[in-house]
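A.B. asks: The structure that follows is given in the form of structure tokens.
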């Protein structure tokens, strides 16, 4: 997702070395998952629900990265996964009866749905790429 957001931003910005530097250089202002989520959202390149879920997934990823004891049973992870819009929901099946999607399943299905949503987004965003404008004085 982080790379997809970079590709979306680059598809939207002017095709210049400076744009690439904003997203890819060593201390790039748009080099983090968080900043890419915020930039894409404020530019209207991702939806409010996509922004919401990516922010939750980023926080869950950080939970795992910063505490080796984090699991899908950790209360903060469970709570965040419950709030995901793009997750698979519990359902009832004639063959299998009641199917409960656990926390890991909620995380994986939400992440997969978002990745699929963003797959062709750079192509469509590029059609609305920024251009140089004439500004009135």
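Readers should treat all values here as calculations from the given coordinates under stated rules, not as data from a laboratory. Since we're looking at a predicted model, the values are computed, not measured. Glycine also receives a Cβ, built like all others from the backbone with ideal geometry; neighbour counts cover every protein chain displayed.
A.B. asks: Top mean-square fluctuation among 57, 114, 43, Gaussian network model of the chain, C-alpha springs under 10 Å?
C.D. replies: 43
A.B. asks: Another question, if that's okay. Which of 125, 78 has the fewest other C-beta atoms within 10 Å, and how do the rest follow up to the most?
C.D. replies: 78, 125
A.B. asks: In the Gaussian network model of the chain, springs joining C-alpha atoms below 10 Å, which of 12, 107, 64 carries the largest mean-square fluctuation?
C.D. replies: Looking only at 12, 107, 64, the biggest GNM fluctuation is shown by 64.
A.B. asks: Counting only helical runs of four or more DSSP H residues, what would the 222 nm mean residue ellipticity of the chain come to if each run contributes -39,500 (n - 2.57) and the total is spread over all its residues?
C.D. replies: It lands at -17500 deg cm²/dmol.
A.B. asks: Then there's this: Within 10 Å of each residue's Cβ, count the other Cβ atoms and sort 95, 6 from fewest upward.
C.D. replies: With the fewest neighbours first, 95, 6 line up as 95, 6.
A.B. asks: Okay, moving on. So for the chain, what percent of the C-alpha to C-alpha distances run longer than 18 Å?
C.D. replies: 61 percent
A.B. asks: Expressed in nm to one decimal, what extension gain is obtained for the pair residue 78 and residue 21 from 0.36 nm per residue of sequence separation less their Cα-Cα distance?
C.D. replies: Extra length available between residue 78 and residue 21 comes to 16.8 nm.
A.B. asks: When only C-alpha pairs under 8 Å and at least 6 residues apart count, what is the relative contact order of segment 1-90, in percent?
C.D. replies: Relative contact order of segment 1-90: 19 percent.
A.B. asks: Assuming R0 = 22 Å, what is the FRET efficiency of residue 126 and residue 34, from their Cβ-Cβ distance, to the nearest 0.05?
C.D. replies: Step by step, r from the Cβ atoms, then E = 0.40.
A.B. asks: Ranked by Cβ crowding within 10 angstrom, fewest neighbours first, how are 50, 98 ordered?
C.D. replies: Lowest to highest Cβ neighbour count: 98, 50.
A.B. asks: A further question on this structure: What is the distance in Å between the Cα centroid of segment 122-137 and that of segment 1-15?
C.D. replies: Taking the Cα centre of segment 1-15 as reference, the centre of segment 122-137 is 14 Å away.
A.B. asks: More than 15 Å apart: what percent of Cα pairs in segment 44-84 qualify?
C.D. replies: On the way: 332 of 820 pairs.
Within segment 44-84, distances greater than 15 Å cover 40 percent of Cα pairs.
A.B. asks: Next up: Taking 0.36 nm per residue of separation and subtracting the Cα-Cα distance, what length does fully extending residue 94 through residue 48 add?
C.D. replies: 13.1 nm
A.B. asks: Something else about it: Using Cα springs under 10 Å in a Gaussian network model of the chain, which residue among 13, 96, 68 shows the largest mean-square fluctuation?
C.D. replies: Sorting by GNM fluctuation, first place goes to 96.
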